[in-house]
Amino acid sequence: MKTPIQTFFRPNSIRPVQMTRVPVSTLMVAMVASALVSFVPNARAAEPQPAAPAWTLKDVEGKTVQSSDFKGKVVILDFWATWCPPCKKEIPDFIELQKKYGEKGLVIVGVSLDEQGPSVVKPFITQLGISYPIVMGDEKIVQDFGGVEGIPTTFIIDREGKIVGRHVAFTPLETFEKEIAPLL
C-alpha cells in the first residue's frame, strides 16, 4: 500500500489546471460583482490576511532553505513540477520577474513537487536557466498551504509575511507584475 505522500506526488494525482468554458452570463455576474467590490472603500483591507506558514525544505543540492531566509522580501512561492506544461510556461516569466524586481526586494521560490526528486529537477533547472531558488516540496508544506489540488499553484507573500494573493493555473506575467508592484 502506498503512503499518502507517494500517492499525492504522482503526476496523475496533481494535474495541471485546465481552463474550461464558462457561460457568458456567469462571467458577466462575476465582472459586475468584482466591479462593485472595487468601489467599496477598503473592502479588501478589512479582510484579515493570513500569515504564510513557516517552512524548512532542502534545495536540489541538499542545502536547507527556510522561509525565514526571505524575511522582509516580497515572495512569489510557486508549487510546480517538471512534467506540468502550464508550470513550464510560467518559468520564463518568473525568471524575468526575478531579474527585473530582485533588487527591489522580490524573491521567486519554486517548490518542486516532482516525486523523483533532485535527479529530475537539477537538469531541468539547467536546461531552462532557472535563476531563482528551487526547493523540494513535501507533504507538510502542501498541507500547510491549504493543499495543492492543481499545479501550478502560486502564492504572493508580502514583506510582512502575509499571503496577499493565490493563483491556481497558468497566470500571465502582467498579472503578477500588477500584484507585486504596490508591495515593492
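Specify which of the listed residues (E179, E174) is surrounded by 14 or more Cβ atoms within 10 Å (Cβ to Cβ), of a type outside the set (A, V, I, L, M, F, W, C), at pLDDT 95 or above and not in a loop (DSSP other than H, G, I, E, B). Let's see the steps before the verdict.
Numbers: E174 fails: surrounded by 14 or more Cβ atoms within 10 Å (Cβ to Cβ).
So the residue among E179, E174 that is surrounded by 14 or more Cβ atoms within 10 Å (Cβ to Cβ), of a type outside the set (A, V, I, L, M, F, W, C), at pLDDT 95 or above and not in a loop (DSSP other than H, G, I, E, B) is E179.
Working only within region 140-159, note down all residues that are part of a helix (DSSP H, G or I) and either under 12 Å from the mean Cα position of the chain (by Cα) or surrounded by 16 or more Cβ atoms within 10 Å (Cβ to Cβ) (or both).
Going through region 140-159, the residues part of a helix (DSSP H, G or I) turn out to be 140-144.
Listed by number, the residues that qualify are I141, V142.
Taking L106 as meeting all but one of (1) out of contact with any strand residue (DSSP E or B) (no Cβ under 6 Å at 6 or more places or on another chain); (2) surrounded by 12 or more Cβ atoms within 10 Å (Cβ to Cβ), write down the number of the exception.
Every condition holds for L106 apart from (1).
Collect the residues in region 77-96 that are under 11 Å from T153 (Cα atoms) and either without any contact (Cβ under 8 Å) to a residue 24 or more places away in the chain or hydrophobic (A, V, I, L, M, F, W, C) (or both), keeping them in residue-number order.
L77, F79, W80, A81, C87
Which residue pairs have Cβ atoms under 6 Å apart, sit 6 or more places apart or on different chains, and have a first residue in region 118-129 that is without any contact (Cβ under 8 Å) to a residue 60 or more places away in the chain and a second that is of a type in the set (S, T, N, Q)?
Taking only residues 6 or more apart or on different chains, the pairs are V120/T82; F124/T82.
Return yes or no: is S131 exposed (fewer than 15 other Cβ atoms within 10 Å of the Cβ), within 17 Å of K58 (Cα to Cα) and touching a helix residue (DSSP H, G or I) at 6+ places or on another chain (Cβ under 6 Å)? Let's see the steps before the verdict.
Working: exposed (fewer than 15 other Cβ atoms within 10 Å of the Cβ): yes; within 17 Å of K58 (Cα to Cα): yes; touching a helix residue (DSSP H, G or I) at 6+ places or on another chain (Cβ under 6 Å): yes.
Yes, satisfied.
Grab the strands (runs of 3 or more DSSP E) fully contained in region 58-137, keeping just those with 1 or more residues being modelled with pLDDT of 95 or more and within 21 Å of E149 (Cβ to Cβ). Spell out how you get there, then give the answer.
Numbers: elements: 64-66, 74-80, 106-112, 134-136.
The strands (runs of 3 or more DSSP E) meeting that bar are 74-80, 106-112, 134-136.
The values are calculated or read from the model by the stated rules, or taken from the named source; none is laboratory data. In this text, all values refer to a predicted model and were calculated from it rather than measured experimentally. Positions of Cβ are backbone-derived with ideal geometry, glycine not excepted, and every protein chain shown enters the neighbour counts.
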